[in-house]
Amino acid sequence: MNPRQLEQDLELPNITASLVAYRNAAQKSKWYIRFFVPGPDGRYTPGVSVVSSSRVPKLVSDLKKAHQKMEFLQQQKYSGRFSEDFVQSGEVSETLSVTVSSETSHFLFWSYKKTRLHFLVSSKTNTFSTSFDSDDVKMVISILSLAEDLAAKLINQLES
């Protein structure tokens, strides 16, 4: 274990994420969140995205807007497909983007609407996606909103 770094699993649904607090060479304490999306099997390099502490509030804000859009889409009556980007690569991380999609499907006499939020995380050669329903998105927002408090606790442990 690196004595200058502590890591805490964030226990998010459908994605592996951890908060990493560390002390840099100048002995300043910093933190970031790392998202990890594996490929379909072991042959693929997983997608990893790092979101610095200064970009986490923007990610949370964008996820809140995306969640509002998801709830709006769930209430609308339409057929077909819809997709909208809420986070472009480079806005909060070079390898992370977030999209909301909705589509109506039909099976025999039934139709149903599927609205999902997608985290797309790139590796050097591929982009992998994991998706969330509305309840999962609420949980992700809640946990990421508390990241700064958790980081402060980890930093205190580093400094003691």
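The values are calculated or read from the model by the stated rules, or taken from the named source; none is laboratory data. If you're wondering where the values come from, they're calculated on a predicted model, not measured in any experiment. No Cβ is skipped: glycine too gets one built from the backbone with ideal geometry, and neighbour counts run over all protein chains shown. Please note that ligands, DNA and RNA were not included when accessible areas were found on the heavy atoms of the full protein model with its side chains. Shrake-Rupley method; radii C 1.70, N 1.55, O 1.52, S 1.80 Å.
In table form, for the structure just shown:
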| read-out | value |
| --- | --- |
| Top of Arg34, Arg81, Arg55 by mean-square fluctuation, Gaussian network on the chain, Cα under 10 Å | Arg81 |
| From phi via Karplus (6.51, -1.76, 1.60), per-residue ³J(HN,Hα) for the stretch 63-71 in Hz, x at Gly/Pro | 5, 5, 5, 5, 5, 4, 5, 4, 5 |
| GNM top mover of Leu146, Leu59, Leu96 - the chain, alpha-carbon springs below 10 Å | Leu146 |
| Karplus (6.51, -1.76, 1.60) ³J(HN,Hα), θ = phi - 60°, over the stretch 9-14, in Hz, Gly and Pro reported as x | 5, 8, 6, 7, x, 6 |
| Apportionment of accessible area to carbon and sulfur, the chain, percent (1.4 Å) | 49 percent |
| Relative contact order (%) - the chain, alpha-carbon pairs under 8 angstrom, separation at least six | 23 percent |
| In sequence order, calculated HN-Hα J values of the stretch 130-144 (Karplus, 6.51, -1.76, 1.60; Hz; x Gly/Pro) | 10, 10, 9, 8, 4, 5, 4, 5, 4, 5, 4, 4, 4, 5, 5 |
| For the chain, fraction of C-alpha pairs farther apart than 18 Å, in % | 62 percent |
| Simple Cβ-charge dipole of the chain, Lys/Arg +1 and Asp/Glu -1, about Cα centre, in debye nearest 20 | 240 debye |
| Shape category assigned to the stretch 23-105 from the gyration tensor of Cα positions, a/c cut at 1.5 | oblate |
| GNM flexibility winner over the chain from Gly47, Gly90, Gly80 (Cα, springs under 10 Å) | Gly80 |
| Residue-normalised accessible area of the chain, given per residue in Å² at a 1.4 Å probe | 60 Å² |
| Relative contact order %, the stretch 1-69, counting alpha carbon pairs below 8 Å whose residues are six or more apart | 20 percent |
| Backbone N within the stretch 53-68 under 11 Å of label point (7 Å from Glu148 Cα along the Cβ vector) | 54-58 |
